[in-house]
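Novice: One structure, as structure tokens, below. Some questions next.
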Amino acid sequence: MNIDDCFQLGYIVKTHGTKGQVVAFFDVDYPEDYDDLESVFLEQGGRLIPFFIDRLEPQQKGRCIIQFEDIKTIEQAEKLRNTALYLPLDELPELDEDQFYFHEVIGYQVVDENHGKLGTVKEFYDMPQQQLMAMDYLDQEMLVPVIDDINMRADHEAKILYVTLPEGLLEVYTQPGTPDDQDEEEETE
């Protein structure tokens, strides 16, 4: 299995008990969609290795306790700490027609309700406080917060991501005279 054909489900947080169990965090909107998992891929040495699940016990806030088939001691489980968990992309739950997963809209044209065509989606960043969409805008990277107020929806057939940008965001990227530009102007005078 190739990492490009998968999505990151979450990661292993710590060990649990002495019989090889681990606590995993499922970093998804609906962790309960994955309560019946039979296996996951763990990233080890840059490769994805399948691990089969004996038991999965859902906990609160996206956490669960997992007992893998071949992990029977705390020492074996300790080696899995902070390891990312992956599943194939085809195991993502179905979304409504205008909803999307981030990986699906890379390369889509971004069209704002008020400003029209803006640029192309390049990437999404998962920051501690919020997620950001990066797009090419006027030959530079523009970061757009992924929040409900932006009202993003995708037209998969046309490969367009419709957005409603907050007032003033575009101006941040189009204001002439950054501090570096002003220094250069002062040197030439």
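Novice: Taking only the stretch 6-32 into account, find how many residues are at pLDDT below 90, of a type in the set (D, E, K, R) and in contact with a strand residue (DSSP E or B) (Cβ under 9 Å, 6 or more places away or on another chain).
Specialist: Residues that pass the stated criteria total 1.
Novice: Within the stretch 4-22, which residues are within 17 Å of Leu89 (Cα to Cα) and either touching a residue at least 60 places away in the same chain (Cβ under 8 Å) or hydroxyl-bearing (Ser, Thr, Tyr) (or both)?
Specialist: Within the stretch 4-22, Asp5, Cys6, Phe7, Gln8, Leu9, Gly10, Tyr11 meet the criteria.
Novice: Being of a type outside the set (A, V, I, L, M, F, W, C) and either exposed (fewer than 13 other Cβ atoms within 10 Å of the Cβ) or in contact with an Asp or Glu (Cβ under 6 Å, 6 or more places away or on another chain) (or both) is the filter here, so list the residues in the stretch 92-102 that pass it.
Specialist: Those that are of a type outside the set (A, V, I, L, M, F, W, C) and either exposed (fewer than 13 other Cβ atoms within 10 Å of the Cβ) or in contact with an Asp or Glu (Cβ under 6 Å, 6 or more places away or on another chain) (or both): Pro93, Glu94, Asp96, Glu97, Asp98, Gln99.
Novice: Still on this model: Look through Val22, Val40 and report the one residue that is surrounded by 13 or more Cβ atoms within 10 Å (Cβ to Cβ), hydrophobic (A, V, I, L, M, F, W, C), touching a helix residue (DSSP H, G or I) at 6+ places or on another chain (Cβ under 6 Å) and not in a loop (DSSP other than H, G, I, E, B).
Specialist: Val22 is the lone residue from the list that is surrounded by 13 or more Cβ atoms within 10 Å (Cβ to Cβ), hydrophobic (A, V, I, L, M, F, W, C), touching a helix residue (DSSP H, G or I) at 6+ places or on another chain (Cβ under 6 Å) and not in a loop (DSSP other than H, G, I, E, B).
Novice: Name every residue in the stretch 60-88 that is surrounded by fewer than 15 Cβ atoms within 10 Å (Cβ to Cβ), out of contact with any Gly (no Cβ under 7 Å at 6 or more places or on another chain) and under 17 Å from Gly20 (Cβ atoms), in order of residue number.
Specialist: Matches in the stretch 60-88: Glu69, Asp70, Glu75, Glu78, Lys79, Arg81, Asn82.
Novice: Still on this structure, I have one more. Of all residues in the stretch 52-84, how many are within 13 Å of Tyr11 (Cα to Cα), part of a strand (DSSP E or B) and either at pLDDT 95 or above or not assigned by TED's automatic domain parsing to the domain that holds Gly17 (or both)?
Specialist: Residues flagged as within 13 Å of Tyr11 (Cα to Cα), part of a strand (DSSP E or B) and either at pLDDT 95 or above or not assigned by TED's automatic domain parsing to the domain that holds Gly17 (or both) within the stretch 52-84 amount to 4.
So that you can scan it fast, the table gives a plain yes or no per residue for (1) farther than 30 Å from Thr164 by Cβ; (2) free of Cβ contacts under 8 Å to residues at least 24 places away in the same chain; (3) not charged (D, E, K, R):
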site	(1), (2), (3)
Asn2	yes, no, yes
Ala24	yes, no, yes
Gln44	yes, no, yes
Phe52	yes, yes, yes
Gln59	yes, no, yes
Glu113	no, no, no
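Novice: All but one of (1) within 17 Å of the chain's Cα centre (by Cα); (2) surrounded by 11 or more Cβ atoms within 10 Å (Cβ to Cβ); (3) assigned to a loop (DSSP other than H, G, I, E, B) hold for Asp29, so report the exception by its number.
Specialist: (2)
The values are calculated or read from the model by the stated rules, or taken from the named source; none is laboratory data. Not measured: the values here are computed from a predicted model. Glycine gets a Cβ as well: all are built from the backbone with ideal geometry, and neighbour counts include every protein chain shown.
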